[in-house]
Amino acid sequence: MTVAAVGTAAVFGGNSIYQTQAAGGGPIPVDQQTLAFDGGENVVVDDAAIASQGGTPGPKTVKEFTSASEFSMFALTWPEGKEFASYVRAQNDDGSWGPWYAAAPMEETPQNGTMGTDLIYVEPTKAVQVSVAGVDLGLPEADATPADTASLTNVPEDAPRAGAGIDPASQPQPKSEEPKQEEPKAEAPKSDELAPIPSNYGEIKPVADSEPISADQIDVVLIDGNTQENGVDHVADTSSTTGMPDVISRAQWGADESLRFSNPTINDVTAVTVHHTAGSNNYTEAQAPGIVRGIQTYHGRNLGWTDIGYNALVDKYGNIYEGRAGGLDRGVEGAHVGGFNMNTWGVSVLGNYEKAQPTQASIDALGELAGWKAAISGFDPTGYGQHYAEFGFGGSKFAQGQGATFPNINAHRDFHYNTCPGEYLYAQMDTIRSKAKQKYNAVSGKTQPQTSTSTQSSPSATKTTTPSASTSTTPTTQPASTTQSTKEPVKQQTSSTSELLKQLQSGNASAIMAAVGTLAAVILSALSKSGVLNSAVRNAGDVEIVEGLAVSKLPPIIDGIVKLSGDSNIERKWQAVSNTYGDVLGQPTGGTAHTGVGGPDLATAFALFDNGIIVDDSEAGTHALWGEIADAWAGQGYDLGPLGLPTSEEVSIGNGQVRATFEGGSITYDSTTNKVNISLDQ
């Protein structure tokens with residue numbers, strides 16, 4: 001395999017989706033205002049819901065914000081590191097106030113140091129009131145009510161987490177015979193290492209005790225999606241993508257492509273995760289695209305995620321919207337279930353389904369979309385798989401490296417302490433899986449298996465089983481797993497890495513042609529010129545390792561410098577790795593190099609560090625390797641070796657072991673034995 005190798009597009013190749021993105025008009029402008037929270041008017045209200053928002057009944061001071069122009073969506077943002085509870089309600093046309101909605105913190109790693117609540121759809125209005133707990137409003141002691149004083153530190157145990165939705169105190173309770181939480185199924189698969197996760201989600205995790213955040217640290221975000229009179233006229237042409245349901249493309253709902261400043265990260269998809277958004281369900285079909293635009297603006301601009309976090313969205317009318325850019329038929333990594341984004345594909349239903357039934361049209365659309373995605377990705381919609389946390393945080397049920405067995409079509413609440421996608425939508429999960437299986441069977445029956453070019457990208461995808469199976473199985477009717485890469489399949493170029501190295505050094509034409517366009521060729525060329533290459537070899541599992549190729553032994557070979565504060569894919573990956581793992585990479589030993597084939601958008605870029613390497617590829621994604629795993633990957637020939645390019649960072653798999661995955665296999669390092677094992681896919 002070479003970085004520059006380009007094969008014919010697969011049946012489900014991303015080109016068909018990219019073509020639909022070109023259809024439609026340009027971006028539709030979104031109106032956005034950012035206001036200082038402490039600048040809002042202090043208004044004392046006496047509302048029955050106040051007691052549940054701060055622990056003490058009675059009058060309480062809320063912040064009121066008015067706007068000369070209409071808006072329909074609301075959020076709060078603040079510097080990371082603080083937690084508090086917040087609730088919002090909007091003023092109706094007649095001057096009365098609507099219900100309170102819980103504005104829960106998002107559960108994704110901050111990209112620009114900014115935390116934020118869910119974006120709440122409050123319906124078109126010109127005024128909102130915001131009630132908070134755990135926030136110092138700076139009220140003079142004489143003006144503070146008992147509820148104000150209590151809410152400084154008394155954040156209720158059921159304070160909203162991400163996806164918590166409508167405040168129960170302001171809504172009618174469902175009847176006792178209404179949908180209940182799903183129970184764990186007796187036939188669910190068992191794992192030798194991890195017990196299956198129960199379907200019920202348990203108690204909401206309390207907000208951590210902390211000093212109240214000052215009101216002057218919080219901003220208010222008001223957004224209007226600019227509803228178009230004619231709505232969306234048509235949906236994407238899906239004729240070139242077998243079985244894909246009709247989808248409203250990004251161009252058609254008016255996505256702002258200027259928000260994007262990086263290539264999507266591509267991984268294998270082994271599960272679909274269902275969400276709901278937040279706020280009111282009282283939107284029209286014409287207003288729905290504006291809500292999607294508002295979410296993209298908030299995620300991409302205010303939170304710094306560069307784009308919308310969900311891979312797809314569904315409205316209550318059954319319309320499906322293309323989400324994060326990169327192609328619906330590719331394994332684009334989203335930002336929707338923190339710690340488990342790598343192999344999950346997030347679909348969110350517009351609205352809140354904690355106290356309201358989802359429409360049949362939305363259930364049907366979810367089943368169609370999830371079944372199609374399962375068919376082209378190669379997993380059973382009614383099966384189960386293991387997933388492991390890439391990182392941990394207070395709202396997650398799992399610390400870094402921990403995991404469990406989940407349904408292949410699962411829900412946000414299965415991973416985190418929240419109620420998303422709401423009680424009523426969660427009660428429909430089996431129905432969604434059943435509909436998805438029907439679609440999966442229909443698509444699989446028309447689809448010829450394709451050669452996989454990228455295998456499971458993290459331990460979260462290590463097993464997929466059917467409900468009655470206790471071992472890893474793959475239905476014979478499903479297509480092979482693929483990330484829709486246009487590169488040729490990874491394959492061993494010679495009988496060994498050392499043999500390939502000898503052929504390159506001797507000027508073998510075939511070996512040189514194979515190396516053209518790889519980052520290995522850049523490094524080997526520099527090493528040959530420096531005369532420092534040690535060709536001693538050792539075995540590591542299925543593969544031979546050349547000691548002298550280790551990243552930790554490379555001399556500086558690239559001019560320039562990588563900056564921790566920079567904004568390239570590689571520099572932002574360095575920032576993310578440093579924030580999550582610490583200084584595992586060390587300092588950069590030079591700048592960023594490109595393979596020089598295919599132009600900047602197609603060439604693979606990389607940067608070397610004291611103890612590792614970061615590789616940025618438009619298809620394999622941007623990933624960092626360090627320590628023993630980095631040296632082992634380098635020793636088997638970098639991207640020219642049988643493993644190909646990295647598709648994940650290392651993730652703990654327990655018992656002192658960590659594993660990173662690649663296009664052609666995986667590397668496992670055992671810290672207790674100090675041994676490395678390379679396993680190639682068959």
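Readers should treat all values here as calculations from the given coordinates under stated rules, not as data from a laboratory. Remember, predicted model here, so these are calculated numbers, not experimental data. With ideal geometry, Cβ positions are generated from the backbone for all residues, glycine too; neighbour counts draw on all protein chains shown.
Derived scalar couplings between HN and Hα for segment 333-344 equal 6, x, 9, 9, 9, x, x, 10, 6, 4, 10, 9 Hz in order, rounded to whole Hz, by the Karplus curve 6.51 cos²θ - 1.76 cosθ + 1.60 (θ = phi - 60°), x for Gly and Pro.
Ranked by the mean number of other Cβ atoms within 10 Å of their residues, highest first, the peptides 370-376, 36-42, 58-64 fall in the order 370-376, 58-64, 36-42. Rounded if a/c is under 1.5, else prolate if a/b beats b/c, else oblate: with a ≥ b ≥ c from the C-alpha gyration tensor eigenvalues square-rooted, which is segment 216-337? Since a/c reaches 1.5 but b/c is at least a/b, the shape of segment 216-337 is classed as oblate.
All other residues whose Cβ lies under 13 angstrom from that of residue 612 are scored, Lys and Arg at +1 and Asp and Glu at -1, for a net of -4. The distance linking segment 74-119 with segment 310-327 is 23 Å (Cα centroid to Cα centroid, whole angstrom). Counting Lys and Arg as +1 and Asp and Glu as -1, what is the net charge of the other residues whose Cβ lies under 14 Å from the Cβ of residue 300? Taking every other residue near residue 300 into account, the sum is +1.
Once C-alpha pairs closer than 8 Å and six or more residues apart are averaged by separation and normalised to the residue number of segment 296-350, the relative contact order reads 33 percent. A Förster radius of 60 Å combined with the Cβ-Cβ distance from residue 670 to residue 69 puts the calculated FRET efficiency at roughly 0.50.
For segment 384-398, backbone phi angles converted through the Karplus equation (6.51, -1.76, 1.60; θ = phi - 60°) give residue-by-residue couplings of 9, x, 8, 9, 10, 6, 6, 7, x, 7, x, x, 8, 6, 10 Hz, Gly and Pro being listed as x.
Loop-located GluC sites (Glu not before Pro) in segment 263-336 (DSSP state other than H, G, I, E, B) with a sparse environment of at most 14 neighbouring Cβ atoms within 10 Å: 285.
Segment 616-682 and segment 356-395 have their alpha-carbon centroids 28 Å apart.
Using R0 = 30 Å, the C-beta based FRET efficiency linking residue 226 and residue 41 works out to 0.65. Residues in segment 626-667, backbone N under 11 Å from the label point at residue 576 (7 Å along the Cα-to-beta-carbon vector): list them, ranges by number please. From segment 626-667, the list is 648-649.
Seen from residue 345, the other residues with C-beta closer than 12 Å to its C-beta sum to a net charge of 0, counting Lys and Arg as +1 and Asp and Glu as -1. Of 316/439; 373/675; 60/126, which pairs sit farther than 28 Å apart, going by alpha carbon to alpha carbon? Exceeds cut-off: 373/675.
For residue 268, nonlocal amide neighbours, meaning residues 5 or more places apart or on other chains whose placed amide H falls under 5 Å from its own, are 457.
Once the C-beta distance of residue 610 and residue 141 is scaled by a Förster radius of 60 Å, the resulting FRET efficiency is 0.65 to the nearest 0.05.
Couplings 3J(HN,Hα) for segment 280-292, derived from phi with the Karplus relation 6.51 cos²θ - 1.76 cosθ + 1.60 (θ = phi - 60°), are 7, 8, 8, 10, 8, 5, 6, 7, 4, x, x, 5, 4 Hz, where x marks Gly and Pro.
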